[in-house]
Amino acid sequence: MRTSWKELIDEINGCEKCRLCEKRTRVVPGEGNPNADLMFIGEGPGRDEDEQGRPFVGVSGQLLDRMIHAIGMERTEVYIANVVKCRPPMNRNPEPDEAAACLPYLRSQFVLVSPKVIVLLGKVACRYVLGEEAPISRMRGHWIERKGIWFMPTYHPSALLREPAKKREAWEDFKMVRDKLAEVGGIGKVQE
Ligand code: URA
């Protein structure tokens, strides 16, 4: 477990623990407020993220930014990371051994950021972070508390782009996140 950001980010950037390092352009460690109350976890970098070395900068990232705004927050106030830090070829889901190799980095990020609330974007994040296999349509909208951290599963932004009808449910989830942050003393603002 890495205890300083510099040590951790250097290690992630040089990582060769799984095959995903072979095809990457850039590593995408994560970014945002290192003391955020709210953290978002996606599954892994896509093409834009792989080119820029930053999480959620493509079209699904733009939607995520709008949703963060809609709960009265800025992207710079939250921390954003992924289950795997290198792009899976053709944007396939990470394999279990790839996720297992990478998850210690995410655990170190949890420890360093120490968020109060974590939003899990999609089924892959739920599976690897919580070990939950239920469909995301069933898990979303329900809080899961582990070791004092509140986890909210919701749809991945790319699923919302494919199926805009799901945006209404995702907005309900984001409002629950905003209200939970206010309840636990985070920086979410109570506004409709
Ligand atoms: N999808 C993800 O899961 N993560 C990103 O960083 C971008 C797209």
## Note on the structure
The set of residues whose placed amide H lies less than 5 Å from the amide H of Glu132, leaving out same-chain residues fewer than 5 positions away, is Arg127
### Message
Explain nothing, just the number: relative contact order of the chain, from Cα pairs under 8 Å at least 6 residues apart, as a whole percent.
### Response
24 percent
### Message
With 22 Å as the cut-off, how large is the P(r) tail for segment 57-158, expressed as percent of Cα-Cα pairs?
### Response
30 percent
### Query
Going down the list Lys23/Lys166; Lys116/Lys175; Lys116/Lys166; Lys23/Lys116; Lys123/Lys175, which pairs span over 23 Å between their C-alpha atoms?
Lys23/Lys166; Lys116/Lys166; Lys23/Lys116
### Task
Write out the trypsin sites (Lys or Arg not before Pro) in segment 87-192 meeting two conditions: DSSP loop, and at most 15 other Cβ atoms within 10 Å of their Cβ.
Arg92, Lys147, Lys189
### Alpha carbon convex hull of segment 53-92, projected area averaged over orientations, nm²
3.3 nm²
## Note on the structure
For segment 150-157, in residue order, the Karplus 3J(HN,Hα) values (coefficients 6.51, -1.76, 1.60; θ = phi - 60°; whole Hz; Gly and Pro = x) are 9, 9, 10, x, 8, 5, 5, x
### Task
Based solely on C-alpha atoms, express the radius of gyration and the Dmax of the chain in angstrom.
15.4, 46
### In order through segment 137-143: 3J(HN,Hα) via Karplus (6.51 cos²θ - 1.76 cosθ + 1.60), integer Hz, x for Gly, Pro
5, 8, 7, 4, x, 10, 6
### Task
Could you please rank Ser108, Ser114, placing first whichever residue has the fewest other Cβ atoms within 10 Å of its Cβ?
Ser114, Ser108
### Ellipsoid equivalent to segment 112-192 - semi-axes via the Cα gyration tensor, in Å
20, 17, 10
### For Val57, residues with placed amide H under 5 Å, excluding near neighbours
Glu49
#### Entry: Translational diffusion of segment 1-107, µm² s⁻¹ [Kirkwood Rh, Cα pairs; Stokes-Einstein; 20 °C; 1.002 mPa s]
153 µm²/s
### Query
So which GluC sites (Glu not before Pro) in segment 1-95 pass both tests, a DSSP loop state and at most 10 other Cβ atoms within 10 Å of the Cβ?
Glu16
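No lab work stands behind these numbers, since they all come straight from the coordinates. Just so it is clear, the model here is predicted, and its values are computed rather than measured. A quick note on method: Cβ atoms are made from the backbone with ideal geometry, for glycine too, and the neighbour counts reach across all protein chains shown.
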